[in-house]
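Have a look at the structure below before the remarks.
Coordinate-derived values only; no laboratory data. Computed from a prediction, not measured in an experiment: that's the story for all the values here. Don't worry about glycine lacking a Cβ; one is built from the backbone with ideal geometry, like all the others, and counts go over all protein chains shown.
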Amino acid sequence: MKKIALYLFTIAALTACQTDVSSNDEHQTSAENTESTANSAEQQSASKLLKDVSQDDIGKAMAALELLVENKHCDNDNQCKVIAVGSRACGGPSSYHVFSTQNGNVKEITAQAEAITKLESHYNAQKQMMSICQHLAEPSTQCLNNKCVKLEGNQSVY
């Protein structure tokens, strides 16, 4: 008799746990669906902002970057940096830009480079662009005659 009572109690306890688990699963699934819907809405909103990217849009963004990096004055090699810019259809940056940390705001330059990369990436997807899949190697820089320059001979591709 004790065995039967214990058996029934165990079944009742397991059934109660099962109900709580499925209730939690339903609550968790509902929360995941809400989060998924919010993420989808954010992606659609971002997509609308980048809708119909033109070469002119990319050109304007590139001109703004050129203004940020135009003063390449330096006192030593450590002030010379290079940043990847843009997006090729097969991957990798479309170019590299040299700048001086002595005169350039690194945060602004990085933000502008990232904006150009997003624009080019969206443009490539929008126009279903293809490329030869030739990746540029990141160049080295040097402070030469108080000006940041790319080192010659380091223009290899892979």
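Things to note:
- Length gained on full extension, A63 to I132, computed as 0.36 nm times the residue gap minus the Cα-Cα distance: 22.3 nm.
- For the residue pairs K118/K150; K60/K150; K127/K150, the C-alpha atoms sit more than 29 angstrom apart in K127/K150.
- Taking a point 7 Å out from the Cα of D75 in the direction of its Cβ, the residues of the range 97-120 whose backbone N falls within less than 17 Å of it are 100-105.
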